[in-house]
Amino acid sequence: MCASCGHEASHTSFSPERTSISVTERVKDSEGSLSPSCQPNRDSSFGSTSITVSNVSHAPTSEDSIPPQCKDIGESALRSKCIQLLLDALQPETSKEADGKSADLARVIEEHIHALHSENQVKYKACIRSKVSNLRNPKTSHLRQGLLDSSLEPEVFVRMSVEEMASEELQRLRKQYSLWGVSERQLPQRVEGTPTHKLRCRRCEALDCRVTQVSRGTLFLPAWVRQATADQDAMTFVTCSRCGEQWYHSGWICL
């Protein structure tokens, strides 16, 4: 009720404009504003604004940006380069007839390597480098000669390990080193002789030794060192069972 005129006045209460934004994906251009694909729709009845996003294009990734044709071309170029490396290793100085045979042989070797490591390009390249290095090595010339005269099959050559491709001299040295390493790490055999606890080891000072009577003749000593009687000719050989120390004992030992 208005105090001045006595009429009723309807006061409308205004609330802040409610804005509901439904955005499927927020797309912003380089300046930070919404792209033209976002079209606002205003509803006059409620005074609200709804934004609908349509035709949103995703940014291409690195994998999508490379077409399959380029991948095939890159792989073909890599394989062609590997075939050329194998061919250069197989024919340093050969005739034209041998050139054709070497080219076919290099292609077959590369096909076997690619079939073996088609899923892993790193292993494929490492295998190519290993084969080329061994074919160029003068000490392993038997590999190249065996491939050229067909005594060594390409598939067998591809599956050979580094140890199998080594020269005979290197294989012999590796075998000797392996046997030496095994013998060094084997448990010592049981010491022969009579056990005694009356002698102390001069190295570890343990009272766990074994005594063996040794004749002077077995030591290849000169005749003037040897004695006439058997008792005087015998020597006492002592071995420590703990540390393996060995020495000759000059005195008599009562076991």
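The values are calculated or read from the model by the stated rules, or taken from the named source; none is laboratory data. Because the structure is a prediction, the values reported are computed rather than measured. Glycine also receives a Cβ, built like all others from the backbone with ideal geometry; neighbour counts cover every protein chain displayed.
Any idea which residue in region 204-222 is modelled with the highest pLDDT, counting only those that are assigned to a loop (DSSP other than H, G, I, E, B) and either loosely packed, with under 12 Cβ neighbours inside 10 Å or in contact with a strand residue (DSSP E or B) (Cβ under 6 Å, 6 or more places away or on another chain) (or both)?
Of the residues in region 204-222, the ones assigned to a loop (DSSP other than H, G, I, E, B) are 204-208, 220-222.
Next cut, either loosely packed, with under 12 Cβ neighbours inside 10 Å or in contact with a strand residue (DSSP E or B) (Cβ under 6 Å, 6 or more places away or on another chain) (or both) only: 205, 220, 222.
Working: 205: 88, 220: 55, 222: 59.
Only one residue tops the list, namely 205.
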Quick count over region 158-173, residues being farther than 11 Å from residue 140 by Cα and more than 21 Å from the chain's Cα centre (by Cα), is 3
Can you pull out the helices (runs of 4 or more DSSP H) entirely within region 99-183 that have at least 1 residues that are in contact with a Phe, Trp or Tyr (Cβ under 9 Å, 6 or more places away or on another chain) and surrounded by 12 or more Cβ atoms within 10 Å (Cβ to Cβ)?
121-136, 141-148, 162-165
All but one of (1) at pLDDT 70 or above; (2) assigned to a loop (DSSP other than H, G, I, E, B); (3) among the charged types (D, E, K, R) hold for residue 190; state the number of the condition that does not hold.
(1)
